[in-house]
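**Q** Here it is, the structure, as structure tokens.
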Number of protein chains: 2
Amino acid sequence: MRTRRLRLFRHPAQVVVAGFGLAVAVGTLLLMLPVARTGTDWTDPVTALFTSTSAVCVTGLVVVDTGTYWSTFGEVVILALIQVGGLGTMTLASLLGLAISRRLGLRARVTAAAETKAVGLGDVRGVVLGVARTSLVIEAAVAVVLGLRFWAAYDVSPGRAAYLGVFHSVSAFNNAGFALWSDSLVRFATDPWICLPIAASVIVGGIGFPVILELRKRLRTPRAWSMHTKMTLWATGVLLVLGTVLITANEWRNPATLGQLDTPGRLLAGFFQAVMPRTAGFNSVDTGAMYEGSLLVTVVLMFIGGGSAGTAGGIKVTTFVLLFFVIWAEVRGERDVQAFERRIGERVVRQALTVALLSVGLVMAATVVLVEITRMSTHLVLFEVVSAFATVGLSTGITADVGTAGHLVLVLLMFVGRLGPITLVSALALRERQRLYHHPEGRPLIG
Amino acid sequence: MRTRRLRLFRHPAQVVVAGFGLAVAVGTLLLMLPVARTGTDWTDPVTALFTSTSAVCVTGLVVVDTGTYWSTFGEVVILALIQVGGLGTMTLASLLGLAISRRLGLRARVTAAAETKAVGLGDVRGVVLGVARTSLVIEAAVAVVLGLRFWAAYDVSPGRAAYLGVFHSVSAFNNAGFALWSDSLVRFATDPWICLPIAASVIVGGIGFPVILELRKRLRTPRAWSMHTKMTLWATGVLLVLGTVLITANEWRNPATLGQLDTPGRLLAGFFQAVMPRTAGFNSVDTGAMYEGSLLVTVVLMFIGGGSAGTAGGIKVTTFVLLFFVIWAEVRGERDVQAFERRIGERVVRQALTVALLSVGLVMAATVVLVEITRMSTHLVLFEVVSAFATVGLSTGITADVGTAGHLVLVLLMFVGRLGPITLVSALALRERQRLYHHPEGRPLIG
Ligand SMILES: [K+]
Ligand SMILES: [K+]
């Protein structure tokens, strides 16, 4: 047991990639079976691979309509893949955080121990159980609310309402964004009883397990929170407010999106559209009908993503905020980069930079390739590429039309986007060599 | 004299901004005069401001056709503004590099002195004279070649040929990209006697004065070149080859661009299109007819730009390459960032990061704003914004159609793009505080 754990810690990237690859493969085989779809045919391998990858990577991009193409068995397979992918992501990212802390602990015991305790990553068993318990409790609570609302207001049978509640609750908490209606959640755009629980679940799922754990432990002593928690919460708040204002204001009079709703509906839908890019992928207005300015704002929000060691994708809010603090320090002529009363080490800055710039490079390259393959317009392709890379699942509607080569590019992007930042940062951090610490150091999780 | 120089060094940003602002203002007034244009009307202030800014910032974006709208007097005003802007940029950027070296010299005498001598920034008078002499010699040489070719092969009078030679030589060396034909240089796409001298002049002008100076001094001892020169030359070579291959291959069969030329013509035009994004702005094929993938590649090349302390814009190749070395060091688990047998200091990394990310942020924000103002398609607007910011001057053809608000946005972008990276880096570097140097340190110019 001791040996196996050490091996996991030494080559975490391979283990994680192999695990997710296996889940995708099993999902692909199951989804190909005739029993998984309506009708009696086999599903072609690319469609099954795309859907399985999208579910395991909790992305939510689809090439066939989830609610009509798949049978109930197929939907349950997708749901299981989402749950496996979501739990896997949270657990592995948290464990890698633990591994990083342990490695560091040999040399920077004080710093690492403080941060480790703060985020509660004390031991492997605690992490695994904590993630599972937290996920199930929140999923169950949201499923109940959604189920009651579907049953009470939308004229469906109690059994169907319960099923819809569970499916969309799991899809929301794991930031998967799979919905059983072809228009995602557009029909519920003005229903706060559907939109708000889903938005809350998305935010909590995407904020990351270490933050959830710390909030549960010391909700009333914000001063004692770790730098990681403070940074994540601040960034999440700012991005949500900014995103809501920009998208709501810009789409206010767009007759194809917010313009057709009443004022409270516009506010609700505007907020919902600002929550979903981090990185849930439901939509309650027609994404393809939004102005290009709103799509660009959404692209930026999607790229930034959510919190580390949660179900969100993207480069993560801590990575983004950390680079912001570097720039701030540089512009002010400060020698040390400081944030939330902690110094940020040079090495962490370099890791953030590496994750952000490699991500930008990958997105740019994939956009050029996909523009060349499809000859579609750049803004549609860029949106799709960032949505896949950041495992968001929003689309302007081109997903089904990019062809087999395009689908394989998106599959690769989803897989790399899901695992790249996590494993890259842990691989980088675990090779960190001896250095002298001049000051106590804050160590936010990155990627 | 001593006092004035010190004041320049203490508040370089204000001096530079005021100087360029004054040049733009004088140019605007001159271009508004009826004598500056064909016909007898006054030119409206926005058109004059746009053209003046474009000339002083050596950008080359135009809202009216240079060759037909302006009188010869107007063209000469534009030429003078280009020359003032180009000389000003090279001189000021070199002097700021000198100022940075002097400040550092107080504390890190060895490093700074080595680099200072290497790039030959010994004293102010030497810099000013050196820049002027270098510019005039190269401009004169290229003007002679171009003039002879225009006279010999294009059936124009000797006087007109000389005028065309001088205008396009000055425009090329200063990376201004103003041409006297409405299709830029499309009619010369297959003429190596026009395209190659212009390309060479653009590359030399855009590579930066310190590199030119060092090459002149020690062309035969590449091992002794400063890190800045090595980095700039390597990056320039790689980007030119990569750009040529990508654009030529992608446009090879495009019937609206390279497809209509013979094989040597395609190679020449492909190379020319790869040189011009750094950041000259001539074009010998129709930019608006290029595939979107080629436009995106061009956007990346434009954003990177040319060498520091030359007439090129963009974030500069050294900034880009430095970040590449940071990522490389991080991925390999190295403690120090090393390039060309020198260690790169943490502070320089932060400066490069600051320039690159603030530039990305500005381009993103301007793109969103301009998309909202014009409701034009994202890829056209992004291309225009990067072209303005990096003072390139290439356009898909929308420049005249973005409206007054759009024109003012572009004017602002050209001005900020021309002066932002230069003054930002010097402002950052000059406030640098005391630190301990553990190793001798390489200091490339950034921005
Ligand atoms: K998602
Ligand atoms: K230019």
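The values are calculated or read from the model by the stated rules, or taken from the named source; none is laboratory data. As the structure is a prediction and not an experimental result, all values here were calculated from the model. When we count neighbours, we look across all protein chains shown, and the Cβ atoms used for this are built from the backbone with ideal geometry, even at glycine. Ligands, DNA and RNA are excluded from the accessible area calculation, which covers all protein heavy atoms including side chains. Shrake-Rupley method; radii C 1.70, N 1.55, O 1.52, S 1.80 Å.
**Q** Can you pull the Kirkwood radius for the range A:42-92, inverse mean 1/r over Cα pairs, to one decimal in Å? Display every interim value, and only then the final one.
**A** Numbers: mean 1/r = 0.0900 Å⁻¹.
Computed over Cα pairs of the range A:42-92, the Kirkwood hydrodynamic radius comes out at 11.1 Å.
**Q** How about the range A:370-414: which of its residues lose at least 40 Å² of accessible area in the presence of all protein chains relative to their chain isolated, using a 1.4 Å probe?
**A** When all protein chains are present, A:Glu372, A:Arg375, A:Thr378 each give up 40 Å² or more of accessible surface.
**Q** Could you sort the peptides A:229-235, A:271-277 by per-residue average Cβ neighbour count (10 Å cutoff), highest mean leading?
**A** In descending order of packing, they fall as A:271-277, A:229-235.
**Q** Okay, next question. Find the lysine pairs in the protein assembly as shown meeting two conditions, Cα atoms under 20 Å apart and a separation of 8 or more places or different chains, and report how many there are. Numbers along the way, then the final one.
**A** Working: A:Lys117/A:Lys217; A:Lys117/A:Lys230; A:Lys217/A:Lys230; A:Lys230/A:Lys316; B:Lys117/B:Lys217; B:Lys117/B:Lys230; B:Lys217/B:Lys230; B:Lys230/B:Lys316.
Total qualifying Lys-Lys pairs in the protein assembly as shown comes to 8.
**Q** Take the eigenvalues of the Cα gyration tensor for chain A, scale each by 5, and report the square roots as semi-axes in whole Å, largest first.
**A** Equivalent ellipsoid semi-axes, largest first: 34, 24, 22 Å.
**Q** Here's another thing I want to ask about it. Calculate how steeply helix B:346-374 sits against the longest principal axis of the alpha-carbon atoms of chain B, using the helix alpha-carbon long axis, and give the answer as 0 to 90 degrees to the nearest 10.
**A** 30 degrees
**Q** What does the copy distance list look like for A:Arg332, label position 7 Å along Cα→Cβ, in nm and ordered from shortest?
**A** 3.5
**Q** Total accessible area buried between chains A and B, 1.4 Å probe, in Å² to the nearest 100?
**A** Summing both chains' loss of accessible area gives about 3900 Å².
**Q** Here's something else I'd like to know. Give me the percent of the accessible area of the range A:2-442 that comes from carbon and sulfur atoms, probe 1.4 Å, all protein chains in place.
**A** Heavy-atom surface of the range A:2-442 belonging to carbon and sulfur, 1.4 Å probe: 66 percent.
**Q** Another question, if that's okay. What shape does the range B:276-331 have by the C-alpha gyration tensor, where a ≥ b ≥ c are the square roots of the eigenvalues, rounded means a/c under 1.5, and otherwise prolate means a/b greater than b/c and oblate the rest? Please list the in-between numbers first.
**A** Numbers: a/c = 4.91, a/b = 1.62, b/c = 3.03.
Verdict is oblate for the range B:276-331.
**Q** Charges only on Cβ, +1 for Lys and Arg, -1 for Asp and Glu: so what's the dipole of chain B about the Cα centre, in debye to the nearest 20?
**A** Dipole of chain B, to the nearest 20 debye: 2520 debye.
**Q** Follow-up. Please report the orientation-averaged projected area of the range A:141-222, defined via the convex hull of its C-alpha atoms, in nm².
**A** Mean shadow area of the hull around the Cα atoms is 6.0 nm².
**Q** Still on this structure, please answer the following. Just A:Gly27, A:Gly60, A:Gly205 to compare: in a GNM of chain A, with alpha carbon springs under 10 Å, which one fluctuates most?
**A** In the Gaussian network model the winner is A:Gly27.
**Q** Calculated from DSSP H runs of 4 or more alone, at -39500 (n - 2.57) each and per residue, what is the 222 nm mean residue ellipticity of the protein assembly as shown, nearest 500?
**A** Calculated at 222 nm, the ellipticity per residue is -22500 deg cm²/dmol.
**Q** Pull up all non-local amide H partners of A:Arg37: gap of 5 or more, or a different chain, and H-to-H distance under 5 Å with H placed in the peptide plane.
**A** Amide H neighbours of A:Arg37, under 5 Å, 5+ apart: A:Ser71.
**Q** Next up: Could you tell me how many degrees, from 0 to 90 and to the nearest 10, lie between the Cα long axis of helix A:263-275 and the main elongation axis, the longest principal axis, of the Cα atoms of chain A?
**A** That works out to roughly 50 degrees.
**Q** Would you calculate the convex hull of the Cα atoms in the range B:246-379 and tell me its volume per residue in Å³?
**A** Numbers: hull volume 19.9 nm³, N = 134.
Output value, Cα hull per residue: 148 Å³.
**Q** Using modelled amide H (1.01 Å from N, peptide plane; none on Pro or chain starts), what sits under 5 Å from the amide H of B:Val337, excluding residues fewer than 5 places away?
**A** B:Ile344
**Q** Give me the dipole magnitude in Debye, nearest 20, for the range B:141-247 about the Cα centre, with unit charges on the beta carbon: positive for Lys and Arg, negative for Asp and Glu.
**A** The dipole magnitude comes to about 560 debye.
**Q** Pick from B:Tyr291, B:Tyr163, B:Tyr154: which is most flexible by mean-square fluctuation in a GNM of chain B where alpha carbon atoms under 10 Å apart are linked?
**A** Of B:Tyr291, B:Tyr163, B:Tyr154, the Gaussian network model singles out B:Tyr154 as fluctuating most.
**Q** For the protein assembly as shown, with every protein chain kept in place, what is the accessible area per residue (1.4 Å probe, Å²)?
**A** For the protein assembly as shown, the solvent-accessible area averages 38 Å² per residue.
**Q** Once you have a ≥ b ≥ c as the square roots of the Cα gyration tensor eigenvalues for the protein assembly as shown, tell me rounded if a/c is under 1.5, and otherwise prolate or oblate according to whether a/b is larger than b/c.
**A** prolate
**Q** Next question, about the same structure. Where in the range A:261-300 does accessible area fall by at least 20 Å² between the isolated chain and the complete protein assembly, at a 1.4 Å probe radius?
**A** A:Tyr291, A:Glu292, A:Gly293, A:Leu296, A:Val300
**Q** What's the angle, to the nearest 10 degrees (0 to 90), between helix A:109-119's Cα axis and the longest principal axis of chain A?
**A** Rounded to the nearest ten degrees, it is 30.
**Q** Right, next: If I model a spin label at B:Val137 and A:Asp123 as a point 7 Å from the Cα along the Cα→Cβ vector, what separation in nanometres do I get?
**A** Taking the simple label geometry, B:Val137 and A:Asp123 are separated by 7.6 nm.
**Q** Sticking with this structure for a sec: Sort the range A:157-304 into rounded, prolate or oblate with this rule: let a ≥ b ≥ c be the square roots of the eigenvalues of the Cα gyration tensor; rounded if a/c is under 1.5, and if a/c is not under 1.5, prolate when a/b is larger than b/c, oblate otherwise.
**A** Details: a/c = 2.14, a/b = 1.28, b/c = 1.67.
Oblate, since a/c reaches 1.5 and b/c is not below a/b.
**Q** What fraction of the DSSP beta bridges in the protein assembly as shown is antiparallel, stated in percent and rounded to the nearest 5?
**A** Antiparallel: roughly 65 percent of the beta bridges in the protein assembly as shown.
**Q** Restricting to Cα pairs below 8 Å that are 6+ residues apart, what does the relative contact order work out to for chain A? Please round to a whole percent.
**A** Taking the mean separation of contacting Cα pairs over the length of chain A, I get 19 percent.
**Q** Of A:Thr38, B:Thr232, A:Ala249, which is farthest along the charge dipole of the protein assembly as shown in the positive direction, counting Lys and Arg as +1 and Asp and Glu as -1 at C-beta?
**A** Going by the charge dipole, the pick is B:Thr232.
**Q** How far apart are the B:Ala256 label points across copies, placing each 7 Å from Cα toward Cβ, in nm, shortest first?
**A** Taking the point 7 Å beyond Cα along Cα→Cβ, the inter-copy spacings are 2.2 nm.
**Q** Right, something else. Go ahead and set up a Gaussian network model of chain B, Cα springs under 10 Å, then flag whichever of B:Asp65, B:Asp155, B:Asp123 fluctuates most.
**A** Evaluated over chain B, the most mobile residue of the options is B:Asp155.
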